[in-house]
1. Hey, in the GNM for the chain with a 10 angstrom Cα cutoff, which one of 355, 249, 321 fluctuates hardest?
2. With the chain treated as a Gaussian network of Cα nodes joined by springs under 10 Å, which of 143, 88, 151 yields the largest mean-square fluctuation?
3. If I stretch the segment between residue 170 and residue 146 completely, what's the gain in nm (0.36 nm per residue apart, minus their alpha carbon distance), one decimal?
4. Expressed as a rounded percentage, what relative contact order does segment 104-263 have, with Cα pairs under 8 Å and six or more residues apart?
5. From the square roots a ≥ b ≥ c of the eigenvalues of the alpha-carbon gyration tensor of the chain, which class results: rounded (a/c under 1.5), prolate (a/b over b/c), or oblate?
6. Need the C-alpha centroid separation for segment 106-128 versus segment 283-327, integer Å.
7. Divide by every residue of the chain the summed helix terms, -39500 (n - 2.57) for each DSSP H run of at least 4, and state the resulting mean residue ellipticity at 222 nm, rounded to the nearest 500 deg cm²/dmol.
8. For residue 215 and residue 296, compute 0.36 nm times the residue count separating them, minus their Cα-Cα distance, and round to one decimal in nm.
Ligand code: CP3
């Protein structure tokens, strides 16, 4: 059964293999830490994810294997433009909705059912792990994450304690439900990268120029490094929870890192992001790395340890692949604003992305950033169909 044909979550028996159960029947040899041993650096089947997802076009493209068609999914595909999303979210604050496993399952499945995308992305937000360790923050509609007390001094670091699986038990529960319902459609887990999380914590909310963040980064490099270290540990723990619960791949969103020069990125950000990727390497699940305005950083973002690098729409995907270097798949990169143009123009722009991607070993079609809230959902459905038809082999 495919997730595309599924009834709404909760409308059927949700019995499944259970969160964290190895899908193959063969127990995964666990290391002392209860994690799978070995296989670092090699992409293989997600250890806890449904085996049925292994041969999906999405995971094959991540592994740079031949695919039946170019796989498609959209950043921010869950929520935003879907009327069925707005309906189930009615009266429920964003962060609370992230803690309700049945609701998370339903929202995550909605774009898979509607658009027939090749992967689901877990419905949550990058600030959920920070909330889970007790940081006083909220997500304000139309604004984004707002932190009550910004993190700017050494004594503030004490508030950034380690994250345990118990802090996010609802994530394990929701992913268990989801993998049961998704069948052969892979689930992408995600987290915010240390720099982007630090930007919200240090600024206290969304920021255009990241001035407090940069003041700390340049003014107290030692404290900055400790802050990013704390965030790397929290992020790694959050990704591990998602992989152990059944996520088939993970994406690290460094949305705002394009604000930095390559030299500053290498010195002040890359080490912490690399620690996150290292911490989940042993699972062998594809690791995707994405940021906006990162044309000058693509090579370094690949160096941080990702298997797939996402590019925004400013750099053609063949040029992005050249900058990233060999051995990595590329994800992207239709300008999300193009979806507001007439159908013919959307198709032409899509064909230009596909033409640029035609020589790549491993391409995952996506937008260059998240779905914009006012996007017509039908334009997204048509886009998936168009990419599938054009690239069928
Ligand atoms: O991709 C998906 O569909 C999964 C869900 C998802 C959300 N946030 C749900 C959400 C994902 C992957 C994110 C990641 C996220 N959150 C990022 C990285 C991706 C990116 O866009 O660069 C960032 C920077 C955030 C922080 C954040 N949270 C922002 C900027 C906003 C938008 C504020 C707004 O309303 O314009 C949020 C809120 C948020 N996250 C919403 C959703 C569905 C809207 C919540 C609401 O108010 O109803």
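Values in this text are rule-based calculations from the coordinates and carry no lab data. No experiment lies behind these values; they were computed from the predicted model shown. In this analysis, Cβ positions are derived from the backbone assuming ideal geometry, glycine residues included, and neighbour counts consider all displayed protein chains.
1. Fluctuation is largest for 355.
2. Looking only at 143, 88, 151, the largest GNM fluctuation is found for 143.
3. Going from the current span to full extension adds 6.4 nm.
4. 29 percent
5. Rounded.
6. First find each Cα centre; the distance between them is then 22 Å.
7. Result for the chain, helices only: -12000 deg cm²/dmol.
8. That pair, residue 215 and residue 296, stretches by 27.0 nm at full extension.
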